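Input: a single structure, listed below in structure tokens.
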Amino acid sequence: MHQTRIIKLWQEADTRYQAFDSHTKEFISRNTLFKDLMARDGFTKIGVGMYSSVWSKDGRLYKINSNISGPNDGFYHWMKLCNDHPENPCLPKFGAMYQEGTRYCVELVQMEPTGDIQRSKDLVDIAKVNPHMMEAVQLAVQLAETNKQQIMTDDLTAKVVRFLDIHDENVMVRDGHYVLNDPISTITNFPIPVV
């Protein structure tokens, strides 16, 4: 399982980084070490965000929370919520996940960029005519509201603008359906459980 190997490579990069003196740490990052180890192991970096990175190997995609998020990574909770609604075509699908502590790596189901979702209003316009996307947006807003412990107006657009991270990489397409891929950035009230 590649997920286990990716976590091990992250741990190796972290161990190497921790062994450096403070002067050396000014010139090399943990993520640079990780990228080099992944490349040597045959992985190709597909993308990186504030909280994670996505890698490809053998035609499959893997996401690891490799950046600053630590236990407050919002994607983890979004992934768990999506797994509770497997029938909704507007929610992402996931393969197996491997987790050590709060570090996890999950296989992603391939999607394509839309190129036409730039603002929260774009997503709300789609949700108004697509009941599956409406359910996806409502689930995301509910998760975000629970995280913030705030209740806002009934205006869906206001909630999406206030709570969700919407841009063209967080809304993608799979099998002809828009998919709300990664709308939650940070979760503060219920961090990733340690396993």
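What to note about this one:
- In the chain, the DSSP-assigned H stretches of four residues or longer account for a calculated mean residue ellipticity at 222 nm of -12500 deg cm²/dmol, using -39500 (n - 2.57) per stretch and the full residue count as denominator.
- The amide H of Val171, built 1.01 Å from its N in the peptide plane, has Asn181 as neighbours under 5 Å, considering only residues 5 or more places off or on other chains.
- In percent, rounded to a whole number, the relative contact order of the chain is 22, using alpha-carbon pairs under 8 Å and six or more apart.
- Springs between Cα atoms under 10 Å define the GNM used for the chain, and in it the highest mean-square fluctuation of Glu169, Glu100, Glu26 occurs at Glu26.
- Span-like helix ranges in the chain, DSSP H, alpha carbon extent 18 angstrom or more, Kyte mean at least -0.5: 131-148
- Relative contact order of region 12-66, taken over Cα pairs closer than 8 Å and 6 or more residues apart, is 22 percent.
- For region 60-132, alpha-carbon Rg over 2.2 N^0.38 Å: 1.27
- Taking amide H atoms as placed 1.01 Å from N in the peptide plane, the amide H of Ile46 lies under 5 Å from those of Val54, Trp55, Ser56, each 5 or more residues away in sequence or on another chain.
- Subtracting the Cα-Cα distance of Thr32 and Phe94 from 0.36 nm times their residue separation leaves 19.7 nm of extension gain.
- The residues of the chain expose on average 50 square angstrom of accessible surface per residue, using a 1.4 Å probe on protein heavy atoms.
- Given R0 = 30 Å, the distance between the Cβ atoms of Asp58 and Val161 translates into a calculated FRET efficiency of 0.15.
- In terms of Cα atoms, the Rg and Dmax of region 1-108 work out to 14.6, 52 Å.
- Spherically averaged projected area of the chain from its Cα convex hull (nm²): 11.8 nm²
- Cβ-Cβ FRET estimate between Met134 and Asn189, R0 fixed at 25 Å, reported to 0.05: 0.50
- Comparing Gly59, Gly101, Gly42 in a Gaussian network model of the chain (Cα springs below 10 Å), the most mobile by mean-square fluctuation is Gly59.
- Efficiency of FRET between Ala19 and Val48 - r from beta-carbon atoms, R0 22 angstrom, step 0.05: 0.40
- Of the cross-linked pairs Lys57/Lys121; Lys35/Lys63; Lys80/Lys159; Lys35/Lys80, those separated by over 25 Å at the C-alpha level are Lys57/Lys121; Lys35/Lys80.
- Area of Asp14 that stays accessible when all protein chains are in place (1.4 Å probe, Å², to 10): 50 Å²
- Ordered by 1.4 Å accessible area with all protein chains kept, Arg30, Arg162, Arg16 run largest first as Arg162, Arg16, Arg30.
- Choice from Val173, Val129, Val137 with maximal GNM fluctuation in the chain (Cα, 10 Å cutoff): Val129
- Region 86-130: relative contact order as a whole-number percent, Cα under 8 Å and 6+ apart: 23 percent
- The accessible surface of region 1-147, taken with every protein chain in place and a 1.4 Å probe, is 52 percent carbon and sulfur.
The values are calculated or read from the model by the stated rules, or taken from the named source; none is laboratory data. Keep in mind that what you see is a predicted model, and the values were worked out from it rather than measured. Glycine also receives a Cβ, built like all others from the backbone with ideal geometry; neighbour counts cover every protein chain displayed. The area values use the complete protein model at the heavy-atom level, side chains included, leaving out ligands, DNA and RNA. Shrake-Rupley method; radii C 1.70, N 1.55, O 1.52, S 1.80 Å.
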